[in-house]
Amino acid sequence: MQKPLSVESLEKLGRVRLSQSFFMRDFLYSEIANHYGLRNAPANPDLAIEAGTRLCEELLEPLQATFGRIVIRSAYRSREVNDLGNAKDHNCASSDSNRAAHIWDERDANGHMGAMACIVVPWLLDHRKPEDWPAMAYWIHNHLPYSSLTFFSKLGAFNIGWHENPQRSIHSYAAPKGKLLPAGLPPDPALAAHYAGFPTLLAPSR
């Protein structure tokens, strides 16, 4: 698929189904792009679709099957949108560090692909206090093949990233701030005590 440069090609891209529940259009909205009048569309749609499919199938679908509907706060960013967000201090890391993260259509410096989305899990808002975000982090750590998690203070939102070479790192800007676990640790059954009362992992229905 070529870079979308018309309404028709953008509609075609948006109709691409990444997984059972998610379409590419779900991930293209950007407040930065909307405010500054930029086109938030991939220069390499095929790579963005491939990486986004893995994000959806391996991380977002199991989360939604288990916890109910999840909300996409932000996800894909074009390099242009991310560059502007970084320059204007709109909470965007540099584009080089966001390759294979929010910039789905660029591989990282080592040639790996990846994709990231910032999501809200309403179940977490309804059943836990904001400061209990580590419980969700530990649950994901023990159940899903994530690469990175970054938690924020508003709405219990967090970035969740899939990557070909997963780092398994967990950080938070919400208290308690910092790193939750050393990067690269495998699942640990002893962590289950932190998320007592959480639902059992469910496979997405087919």
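The values are calculated or read from the model by the stated rules, or taken from the named source; none is laboratory data. Computed from a prediction, not measured in an experiment: that's the story for all the values here. So basically every Cβ, Gly included, is an ideal-geometry build from the backbone, and we count neighbours across all protein chains shown. Side chains are part of the model used for accessible areas, which takes the heavy atoms of the whole protein and leaves out ligands, DNA and RNA. Shrake-Rupley method; radii C 1.70, N 1.55, O 1.52, S 1.80 Å.
So here's what we get for this one:
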| item | result |
| --- | --- |
| Residues (within 18 Å of residue 103 (Cβ to Cβ) and either at pLDDT below 95 or not in a helix (DSSP H, G or I) (or both)) located in the range 15-29 | 16, 18, 28, 29 |
| Filtered residue count, the range 39-52, keeping only those that are open to solvent by 40 Å² or more (accessible area, probe 1.4 Å) and in a loop (DSSP other than H, G, I, E, B) | 3 |
| Residue check for residue 170: closer than 16 Å to residue 61 by Cα, within 16 Å of the chain's Cα centre (by Cα) and modelled with pLDDT of 95 or more | no |
| Leading residue by the ranking (farthest from residue 98 (Cα to Cα)) among those in the range 151-162 that are open to solvent by less than 30 Å² (accessible area, probe 1.4 Å) and not aliphatic (A, V, I, L, M) | 156 |
| Verdict on residue 36 being open to solvent by 10 Å² or more (accessible area, probe 1.4 Å) and among the hydroxyl-bearing types (Ser, Thr, Tyr) | yes |
| Per-region count, the range 175-203, residues open to solvent by less than 80 Å² (accessible area, probe 1.4 Å) and part of a strand (DSSP E or B) | 3 |
| Helices (runs of 4 or more DSSP H) contained in the range 53-128 and holding at least 1 residues more than 21 Å from residue 170 (Cα to Cα) and open to solvent by less than 40 Å² (accessible area, probe 1.4 Å) | 61-67, 79-87 |
